[in-house]
């Protein structure tokens, strides 16, 4: 990763580390740079997706119906940084907890960054990624995405409690066209959301 | 025909794409019953193949989500496949779950799933094709379960990505060593990429695989057309790439995603042709899932995980203090060990139960392959079974009974075995007699189906102070044994027992032994003089080409460094006082500065006046938004290191405020928050019993009963695991738990915490540390 790319990631990493708009120390910036270097070596970004003109059956209910309103089609996708990242974060937790926590936050930001890049490659006029479990949808819907995509092929598994492993994996439903916008209104995290408590939004860390 | 190697065998091609073409959807295995005629039609369309694969890929009890009884589906799948009039192989795929330690599926659960596969397919097929595995650990479970159930041929294929590694990080060489040693009749690669892109991987497999190599590529790389994934490679181009691979020595061919009957018909011209003979060098190789250790040149086996003569390790093993064990493993890795010996032999320990736990823990933190060291064959079997990869077993000797107990274990789990050149009569006095025992061990191993390259010989070090004249016999025996074509090992430092200046004797003896053919010194890699001797030998004997490694290690050498020339050191800015050190989070200087403080201050004064003050100041700055998570954790780590030093100066009952049991609840594996809590509360003087992640309510209750903690901390990240947290709390209360129950994690808030019966909810690690202290002081007053 070159410096300018890392700079693109920094705001989101600071956000995950709880900086709330504050300026990090030079030591922290150095630490982030060095964690990102290790992370890049450990990560194996992989994705799978399918494009549908008619949305698959499981999207035929709220809140997806709203989300997909006026869209011309839908993309269902799974993206992952691979199990090497979980292994790195876990191993660091035994030797250097600070690096472990910082690497974890870097990985979350990195996955989003790579996923955004991959989406740009699919096409234009796409909505944000709607992830089952957020925005009033059930995390159980992940199983439909797994039936459709079989992301085991890229090493992503779904546990009986409906979380994905490797843990830096995302499943997304993306509307092609349409007018969907993010909102905290129906989010299941709303009550305990640290962003909201501080008056921020997870999808737009800088803005109140 | 079904035994691969002599004549080329052709498998069928893609199945999913054919189902799609017929417009069939749903659980693919169920179609065997609901659409038997369509399935038969597909199988018949592949009748150019020599072997037909049953439509049973997802048919294991973990993965199968259809509506029929699993054995009924297995029968239908094999029946349908027979319609093509060719031998039928049962298709065995992964479970779709992530294996431990990163995931939740244990080796035994995976083994049981594949044992069921063996049962439901018994008598229905002519062989097995295990395919599309990306985790060799899961493939091991499948191979062990099937191999003990059947003598039919078992072929196994793995998927690799563009980087030439599996999704879990294994190379083709690691895959080949693991799969061949575990008894597959053919091994190779399927799916992954197109045939042309797979050639580099195939080349590497052909260079090392002792068994025939199988290739079933996709129809090239997929491309996107109008939102659909399509494969566009022509049958002609597919044929040309397969032809190249046949010329390279591939023995079994077929197709995967996107290939159709046309493709298989095209490549069926190779069927029955002679397989091109390959030359492979048969090396002695052990591996973990991500690291391989080929026993050529010199390989250092770290000896520090052996409790003999090590009081601290003994205590750690008895108390199952894995942090200490992990520390020893990592320091040997940093010092340059190539593999680690693991020994848990203590009279008061149930070795059979502890050894697998230690092996799991060590494999969680390091990729170094392991040597499983025990005289208890049950402990060896338990550890070899759950080991991820191919381990070394240490050891057998020339006694028939010992070999009869250990060789079957080595055969079943594919291990390399270290044989000690001694028998009932003890260590023979001459090199020739040790050589004879070595020959006997190699011969007996072959009787058990273990080839010579999977045997190493230890010619045994005797103490120079007791048997001075035997030292030469040991090194002479190395030379003789080397002539047998096997690799050698020695526990080097035994030579100097009872003598002064042991390190001088050890390194001199090491140099003597290396020159006579020692491959694997078992030694302390952190002893810079010993490791340095190995590096110097590698340079002087020409193993270290152009002295690259030696220069790299010693380029900044100054004489004062001898004790730790190979250790890794991190430069850190210096702190003047312990207070600054904790505030700035400089862990490496904390111990030394604490010692300085203790020269002038009472231990409790250091704790309250310096450590707690620094932590409180850091905590206040964190809460005020002036310091952030990285600094908070660094300070906690520095304070924890300081605390460890202070504790040595405190009376036993004041070493810690009390115990806190921590766990991420069952069903959840996200433990970073719990790990942060651990460091922070430890820095405040609490002893943490860390139960890890995905911990069952029963295990939490048991730990609370065993440790009688002051508090229990439970964490959960997912809404779906909150019920599991609730169950844990209710079981704790039913068991009469007196400890305060804390909960935390992304989905928790005070309201939920109250609803599920927790005593305290804290939003982060710092708040928990403060709340604990509040309760602690309240309880005392």
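Read the figures in this text as sums done on the coordinates, not as results from a lab. Computed from a prediction, not measured in an experiment: that's the story for all the values here. Cβ: placed from backbone, ideal geometry, glycine included. Neighbour counts: every protein chain shown.
For the pair the stretch B:202-252 / the stretch B:423-454, the C-alpha centres are spaced 44 Å from each other. For chain A, adding -39500 (n - 2.57) for each run of n ≥ 4 DSSP H residues and dividing by the number of residues yields -13000 deg cm²/dmol at 222 nm.
What FRET efficiency would be calculated for the residue pair residue B:314, residue B:151, taking the C-beta separation as r and a Förster radius of 35 Å, to the nearest 0.05?
In this case the efficiency is close to 0.20.
For the residues of A:24-31, the average number of beta carbons from a partner chain within 10 Å of their own beta carbon is 3. Expressed per residue, the C-alpha convex hull volume of the stretch A:1-156 stands at 138 Å³.
Diffusion coefficient (Stokes-Einstein, Kirkwood radius over C-alpha pairs, 37 °C, 0.692 mPa s) for the stretch B:349-406: 280 µm²/s, rounded to a whole number. Restricting attention to the stretch B:285-524, close to 15% of DSSP beta bridges with both partner residues there are antiparallel.
Relative to the longest principal axis of the Cα atoms of chain B, the long axis of helix B:612-623 makes an angle of roughly 60 degrees.
How would you order B:380-390, B:505-515, A:53-63 from highest to lowest mean count of nearby Cβ atoms within 10 Å?
Going by the mean number of other Cβ atoms within 10 Å, highest first, we get B:380-390, B:505-515, A:53-63.
With a ≥ b ≥ c the root eigenvalues of the C-alpha gyration tensor of the protein assembly as shown, is it rounded (a/c under 1.5), prolate (a/b larger than b/c) or oblate? Since a/c reaches 1.5 but b/c is at least a/b, the shape of the protein assembly as shown is classed as oblate.
Using only Cα atoms, tell me the angle between helix B:107-121 and the longest principal axis of chain B; keep it within 0 to 90° and round to the nearest 10. Its long axis makes an angle of about 20 degrees. Relative to one another, the C-alpha centroids of the stretch B:317-395 and the stretch B:483-547 are positioned 23 Å apart. Just grab the label-to-label distance for residue A:30 and residue B:588, each label 7 Å out from Cα along the Cβ direction, in nm (one decimal). Once both label points are built, they end up 1.1 nm from each other. From helices alone, chain B scores -13500 deg cm²/dmol at 222 nm; the rule is -39500 (n - 2.57) for each run of n ≥ 4 DSSP H residues, then divide by the residue total. Label positions at residue B:273 and residue B:494, each projected 7 Å from the Cα along the C-beta direction, are separated by 5.5 nm.
Spread over its residues, the convex hull of the C-alpha atoms of the stretch B:250-303 is 126 Å³ per residue. If you plug the beta carbon distance of residue B:34 and residue B:225 into 1/(1 + (r/R0)^6) with R0 = 35 Å, you get a FRET efficiency near 0.70. Computed from the C-beta positions of residue A:20 and residue A:70 and an R0 of 35 Å, the FRET efficiency is 0.45 to the nearest 0.05. For chain B, what does the alpha-carbon gyration tensor say about shape, rounded, prolate or oblate, given a ≥ b ≥ c as the root eigenvalues, a/c under 1.5 as rounded, and a/b over b/c as prolate? In terms of gyration-tensor shape, oblate. Across peptide A:165-178, the mean count of Cβ atoms from other chains lying within 10 Å of each residue's own Cβ comes to 2. Across A:11, A:24, A:132, mean-square fluctuation computed from a Gaussian network of chain A (C-alpha pairs under 10 Å connected) peaks at A:24. In terms of the mean number of neighbouring beta-carbon atoms within 10 Å, the peptides B:132-142, A:116-126, B:230-240 order highest first as B:132-142, B:230-240, A:116-126.
Take each peptide in B:406-416, B:460-470, count the other Cβ atoms within 10 Å of every residue, and average; sorted highest first, the result is B:406-416, B:460-470.
Annotation for the stretch A:139-176 versus the stretch B:279-305: alpha-carbon center distance of 37 Å.
Averaged over peptide B:456-469, the number of partner chain Cβ atoms lying within 10 Å of each residue's Cβ comes to 0. Taking the C-alpha atoms only, the angle from helix A:26-42 to the longest principal axis of chain A is near 60 degrees.
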